[in-house]
Amino acid sequence: MGSRDDQIDKMAATMKEWAAEMDKYEARLQKATDEQKAQVEAYLADLRKRYADAEEHMKKVRESSEAASRDMMEGFQRMADDFMAALTKARDRF
């Protein structure tokens, strides 16, 4: 594992990718049928919640000590895995 700052930069880059993916679904929402809109909105709500949770977690990592941040970065990795699973589910659906 790299330095704490490197890991925080990696977390920020990951979240930037997530934001871009959510933007894609926002665009799909404009083209969706009424039935699809409800489903896409539900997926987006879930992704936004996960994003907000990860954003809060990253803030805590930034504020933590070097030693504590290592454990917290592992927690972020679990959050990233969960986000990607939810995103994959949305991709498979739409």
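Quick notes on this structure:
- Residue in region 79-93 that is among the basic types (Lys, Arg), within 26 Å of LEU29 (Cα to Cα) and over 17 Å from the mean Cα position of the chain (by Cα) present: yes
- Output for region 45-65, where each listed residue is hydrophobic (A, V, I, L, M, F, W, C) and at pLDDT 90 or above: ALA45, LEU47, ALA52, ALA54
- Residue satisfying all of: in region 24-62; within 12 Å of the chain's Cα centre (by Cα) and of a type in the set (Asp, Glu); farthest from GLU74 (Cα to Cα) among these: ASP46
The values are calculated or read from the model by the stated rules, or taken from the named source; none is laboratory data. Note that the structure is a prediction, hence the values are computed from the model and not measured.
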